[in-house]
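Written below as structure tokens is the structure these notes are about.
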Amino acid sequence: MLEEGRELKNAKTIVIKVGTSTITHSNGSLDYHIMEKLARVLTDLRGEGRNIILVTSGAIGVGRFRMGLNQKPRSLPEKQALAAIGQVNLMYIYSKLFSEYDQITAQVLITRDVVDDEEKKRNTYNTFCTLMDYGVIPIVNENDTVATEEIEPNFGDNDTLSAVVAKLLSADLLIMLSDIEGLYDRNPKNYDNASLISVIYDVTNHMPDGIEDTDSDLGTGGMKTKIGAADICNRAGIPMVITNGNNPDHIYDILEGKKVGTLFVPRRNPSEV
């Protein structure tokens, strides 16, 4: 057990981010098996009295699959149209799976300007708090059909969005469910001798050298965007974990302080960052 992980078991408000490659097959169709397990785990955590917020990617990928497209869309209108198509199906499946465990969910589509406009920021915060008071699990995605920043590769996909939501809610923990075990000293898809890094302290000022980016044909976020999210959390004093989303039970292991994935430990005094 990581000593730093002992504190995570008491996390009250937890943001879970799941990537496109985790909830879809290689051909872009939804992986119902993984999504069902995720719904069960998150409902169970909600039943323990924890506040759970799910940030999900996948709308564009699902829309692309529904339309039978073999290649990533290139133009902004194409991306926004596919996001609109995919978001409907994505939320329908989530709602259906969570309802099997009698868990109410809510769709929250936001754009990044909520962190720049104080009134929008306050309204968004109040909405989240009210939903959590109701015992609802908010399912968050970027409003791709009207936003342009999020669906461009340089923005960072929903990795950054999940960190922004965690910071907005002063969450106790952000867990990123990815398609790899955690952060490696080099890209494990290219190097057989890549080593998993179990814990990183103060990622803002002590980022290991040699970290390479990862990406997939379906999603847009890679390891660099996750490190950027860890930086946001670090500055806000929020721990973050990257782990393999193919086994949602890893979330239990993380909360039990077990050595799973990569734990980013923030500085004790965020103001010092």
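If the Cβ limit is 6 Å and pairs must be 6+ apart or interchain, which residue in the range 241-252 that is under 14 Å from MET223 (Cβ atoms) pairs with which residue that is surrounded by fewer than 20 Cβ atoms within 10 Å (Cβ to Cβ)? Filtered contacts from the range 241-252: ASN244/GLU181.
Of all residue pairs spaced 6 or more apart or on separate chains, those with beta-carbon atoms under 7 Å, a first member in the range 186-199 that is within 20 Å of MET240 (Cα to Cα) and a second member that is assigned to a strand (DSSP E or B) and of a type in the set (Phe, Trp, Tyr) are SER195/TYR184; LEU196/TYR184; ILE197/TYR184. You will find that of LEU97, LEU90, LEU82, the residue that is aliphatic (A, V, I, L, M), without any contact (Cβ under 8 Å) to a residue 24 or more places away in the chain and part of a helix (DSSP H, G or I) is LEU82 and no other.
Taking the range 238-252 on its own, how many of its residues are part of a helix (DSSP H, G or I) and not aliphatic (A, V, I, L, M)? Steps first, answer last, please.
Restricting attention to the range 238-252, the residues satisfying the condition of being part of a helix (DSSP H, G or I) are 250-252.
Keeping just the survivors that are not aliphatic (A, V, I, L, M) gives 250, 252.
Matching residues across the range 238-252 total 2.
None of ASP144, ASP157 is closer than 11 Å to LYS17 by Cβ and modelled with pLDDT under 85 except ASP157.
Here ILE180 passes the criteria (1) surrounded by fewer than 19 Cβ atoms within 10 Å (Cβ to Cβ); (2) at pLDDT below 90 except the one numbered (1). In the range 53-79, how many residues are touching a residue at least 40 places away in the same chain (Cβ under 8 Å), among the aliphatic types (A, V, I, L, M) and under 22 Å from ASP179 (Cβ atoms)? Number satisfying all stated conditions: 5.
Under the condition of being hydrophobic (A, V, I, L, M, F, W, C), more than 19 Å from SER57 (Cα to Cα) and in contact with a helix residue (DSSP H, G or I) (Cβ under 8 Å, 6 or more places away or on another chain), which residue from the range 195-231 is modelled with the lowest pLDDT? Explain how you work it out, then say what you get.
We begin by selecting, within the range 195-231, every residue hydrophobic (A, V, I, L, M, F, W, C); these are 196-197, 199-200, 203, 207, 211, 218, 223, 227, 229-230.
With the extra rule that they be more than 19 Å from SER57 (Cα to Cα), the set shrinks to 196-197, 199-200, 203, 207, 211.
Still in the running and in contact with a helix residue (DSSP H, G or I) (Cβ under 8 Å, 6 or more places away or on another chain): 199-200, 203, 207, 211.
Working: VAL199: 91, ILE200: 91, VAL203: 85, MET207: 67, ILE211: 60.
Across the range 195-231, the extreme among qualifying residues is ILE211.
Just to be sure, is GLY58 in contact with a Lys or Arg (Cβ under 7 Å, 6 or more places away or on another chain) and either surrounded by fewer than 16 Cβ atoms within 10 Å (Cβ to Cβ) or under 30 Å from ILE14 (Cβ atoms) (or both)? For GLY58, the condition - in contact with a Lys or Arg (Cβ under 7 Å, 6 or more places away or on another chain) and either surrounded by fewer than 16 Cβ atoms within 10 Å (Cβ to Cβ) or under 30 Å from ILE14 (Cβ atoms) (or both) - is not met. Residues being without any contact (Cβ under 8 Å) to a residue 12 or more places away in the chain and within 25 Å of LEU169 (Cβ to Cβ) are entirely absent from the range 8-31. Just one of the listed residues (LEU109, LEU69) is modelled with pLDDT under 95, outside any strand (DSSP E or B) and either aliphatic (A, V, I, L, M) or under 19 Å from the mean Cα position of the chain (by Cα) (or both), and it is LEU69.
The values are calculated or read from the model by the stated rules, or taken from the named source; none is laboratory data. Everything numeric here is computed off the predicted structure, so don't read it as measured data. Every residue, glycine as well, gets a Cβ built from its backbone with ideal geometry; the counts of neighbours run over all protein chains shown.
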